[in-house]
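Student: Mind having a look at this structure? Questions to follow.
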Amino acid sequence: MIDDRRFTDFLRNDYHGHILNNDYSDALKTHVQKAIVRFIDLELMGLSAIPYIAAWNIDEAHHIWYEYSGFRLSALLQCDPRETAEMLRCCIVDRCTYPPPQTEDQITPEIIDRHLLTNARWRIRGQVRQRGMAEAIYKIAPPEAAPFWLKDQATIETHADDHICLSLGLLFVVTKEMRVEEELRQAKEELRLHRDHLESLVEQRTVELKKAQLEIVYRLARAAEFRDKWTGLHINKISRYCAIIGRGSGLSSYKNTLLFQAAPMHDIGKIGISDQILLKTSRLTTNEFKLMQNHSRIGAQLLSGYDSELLRVAKNIALTHHEKWDGSGYPRGLHGKNIPLAGRITAICDVFDALTSFRPYKKPWSFRQAVMEIKNGAGSHFDPRLIKIFLKHASQIKEIYDFNSKQ
């Protein structure tokens, strides 16, 4: 054990605390002195851990000092022992807090970096005071030494009569273990960033593919324009009319966008109809009309075999936009809600635009005449509910009609 002379020398030369030399109770001074003697004895016996006694005023938890710190601590920090507390305060860059032993988790997820640690100190010391113990790992980066890690295990004592809290603990150098953990954490973060980057690339590529796909399909739809100029103008208006009714019918923004993008493809099957029929300036014969009806199936075949939701909607529209509510339409004679909603909406818009557009065999109807014709088709040609929506939004329909009438 340390003898009285050597302890006296310690007090004279190496003690930098406040309690033993100031106005505190004899009980507290005796307790601190015994703790110092015990820790000096442990160091003399070659203890691998670094013992310390830290103290702070209960009402001033932000100000901490050391009644005793093992000689190896100041050596690690490369500072004067009197500067230990200030050096630690400035050099701790990470603090990872362990929970009390009775909790199930091995370690809490709370890791506090140096920017938040200053404001968190009061809260942390209040918590450890309530627990009566502290266990944490600190990453310390001295200005003139390599970073290192210390594991702190301490008992917290409250001496209410003196308004003093003591932390009597041991510090273990765990640099090797924590470097492995930090490297693992950095590797996980790099993997996360790499994964996020790959996901971003996939998302970007998916958007590009969708744009390319949409462009190809639109070009197919536009191909009809080179054979039939009325069809080319027709597809531009159809998509806008459909979007108005689709929105009014309660379609989500996403579903309505699909309808808007798919509607121009409703007559894509006309690519497979001969010029003799498609460009005929007089009314079609019965046989010619039957051949023209094939454009619905041709369009559906052109748009089949793809996973794209857009093309699935476009296929349904191409196949069913000539079906009628009462079952008298073509190509399959579907009736009522057996006809897909997108097909029912497009049917209304297709007929309305055909009525109000010029054809070699007829003059365009007025807006009012066409609206009345559409209204009269409710329950026979068209879905009655959708006709109500069409009439409710007739003013918006007319804006598109008026704009295109000037073209």
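The values are calculated or read from the model by the stated rules, or taken from the named source; none is laboratory data. Everything numeric in this text was worked out from a predicted model, so none of it was measured. Here the Cβ positions follow ideal geometry from the backbone for every residue, glycine too, while neighbour counts run over all protein chains shown.
Student: Can you tell me which of Ala49, Ala75, Ala27 is at pLDDT 90 or above, assigned by TED's automatic domain parsing to the domain that holds Met133 and under 52 Å from the mean Cα position of the chain (by Cα)? Full working, then the answer.
Tutor: Details: Ala75 fails: at pLDDT 90 or above; Ala27 fails: under 52 Å from the mean Cα position of the chain (by Cα).
Every option except Ala49 fails the conditions.
Student: Out of the residues in the range 149-206 that are without any contact (Cβ under 8 Å) to a residue 40 or more places away in the chain and of a type in the set (Val, Ile, Thr), which is nearest to Leu47 (Cα to Cα)?
Tutor: Val174
Student: Only one residue in Ser25, Ser48, Ser74 is closer than 30 Å to Glu181 by Cβ, among the hydroxyl-bearing types (Ser, Thr, Tyr) and surrounded by 13 or more Cβ atoms within 10 Å (Cβ to Cβ). Which one?
Tutor: Selected residue: Ser74, the only one of Ser25, Ser48, Ser74 that is closer than 30 Å to Glu181 by Cβ, among the hydroxyl-bearing types (Ser, Thr, Tyr) and surrounded by 13 or more Cβ atoms within 10 Å (Cβ to Cβ).
The rows are residues; the columns are (1) modelled with pLDDT under 90; (2) within 40 Å of the chain's Cα centre (by Cα); (3) of a type in the set (Ser, Thr, Tyr).
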site	(1), (2), (3)
Gly246	no, yes, no
Ser249	no, yes, yes
Leu279	yes, no, no
Arg283	yes, no, no
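Student: Looking for whichever is within 16 Å of Gly17 (Cα to Cα), out of contact with any helix residue (DSSP H, G or I) (no Cβ under 8 Å at 6 or more places or on another chain) and either modelled with pLDDT of 85 or more or outside the structural domain of Asp162 (by TED's automatic domain parsing) (or both) here; the options are Arg38, Arg82. Which one fits?
Tutor: Every option except Arg82 fails the conditions.
Student: List the number of the failed condition for Glu135; all other conditions in (1) at pLDDT below 90; (2) outside the structural domain of Cys91 (by TED's automatic domain parsing) hold.
Tutor: Every condition holds for Glu135 apart from (2).
Student: Going by the structure shown, is Asp9 part of a loop (DSSP other than H, G, I, E, B) and either more than 55 Å from the chain's Cα centre (by Cα) or free of Cβ contacts under 8 Å to residues at least 40 places away in the same chain (or both)?
Tutor: So Asp9 does not fit the description; no.
Student: Taking the range 51-81, which residues are over 24 Å from Thr30 (Cβ atoms), in a helix (DSSP H, G or I) and out of contact with any Pro (no Cβ under 9 Å at 6 or more places or on another chain)?
Tutor: Those that are over 24 Å from Thr30 (Cβ atoms), in a helix (DSSP H, G or I) and out of contact with any Pro (no Cβ under 9 Å at 6 or more places or on another chain): Arg72, Ala75.
Student: Does at least one position in the range 390-402 carry a residue that is at pLDDT 95 or above, touching a Ser or Thr at 6+ places or on another chain (Cβ under 8 Å) and not polar (S, T, N, Q)?
Tutor: No, there is no match, as no residue in the range 390-402 is at pLDDT 95 or above, touching a Ser or Thr at 6+ places or on another chain (Cβ under 8 Å) and not polar (S, T, N, Q).
Student: Could you list all residues from the range 281-310 that are over 21 Å from Glu215 (Cβ atoms), assigned to a loop (DSSP other than H, G, I, E, B) and without any contact (Cβ under 8 Å) to a residue 24 or more places away in the chain?
Tutor: Scanning the range 281-310 gives Leu284, Thr285.
Student: Restricting the search to the range 1-60, which residues are farther than 16 Å from Phe71 by Cα and of a type in the set (D, E, K, R)? Steps first, please.
Tutor: To start, the set of residues in the range 1-60 that are farther than 16 Å from Phe71 by Cα comprises 1, 3-5, 8, 18-34, 55-60.
Hits for the range 1-60 are Asp3, Asp4, Arg5, Asp23, Asp26, Lys29, Lys34, Asp59, Glu60.
Student: Let me ask something additional. Of the conditions (1) without any contact (Cβ under 8 Å) to a residue 40 or more places away in the chain; (2) assigned to a loop (DSSP other than H, G, I, E, B), Ser48 clears all except one; give me its number.
Tutor: All conditions are met except number (1).
Student: Yes or no: Lys392 loosely packed, with under 15 Cβ neighbours inside 10 Å, in contact with a strand residue (DSSP E or B) (Cβ under 9 Å, 6 or more places away or on another chain) and assigned by TED's automatic domain parsing to the domain that holds Thr281?
Tutor: no
Student: Could you list, in sequence order, the residues of the range 243-271 that are in a helix (DSSP H, G or I) and either free of Cβ contacts under 8 Å to residues at least 40 places away in the same chain or within 13 Å of His393 (Cα to Cα) (or both)?
Tutor: First pass over the range 243-271, keeping only residues in a helix (DSSP H, G or I): 243-248, 253-265, 268-271.
Result: Ala243, Ile244, Ile245, Gly246, Arg247, Gly248, Ser253, Tyr254, Lys255, Asn256, Thr257, Phe260.
Student: Next up: Can you pull out every residue in the range 323-358 that is over 28 Å from Asp402 (Cα atoms) and in a helix (DSSP H, G or I)?
Tutor: Gly336, Lys337, Asn338
Student: Which condition does Lys29 not pass, out of (1) under 30 Å from Pro147 (Cα atoms); (2) out of contact with any Asp or Glu (no Cβ under 6 Å at 6 or more places or on another chain), if it passes all the others?
Tutor: For Lys29, the failing item is (1).
Student: Sticking with this structure for a sec: Could we say that Ser328 is within 30 Å of Lys210 (Cβ to Cβ) and not charged (D, E, K, R) here?
Tutor: The answer is no for Ser328.
Student: Take the conditions over 19 Å from His63 (Cα atoms) and free of Cβ contacts under 8 Å to residues at least 40 places away in the same chain and apply them to Ala141. Does it pass?
Tutor: no
Student: Related question: Looking only at the range 312-339, count how many residues are within 18 Å of Lys255 (Cβ to Cβ) and either out of contact with any helix residue (DSSP H, G or I) (no Cβ under 7 Å at 6 or more places or on another chain) or loosely packed, with under 13 Cβ neighbours inside 10 Å (or both).
Tutor: 2
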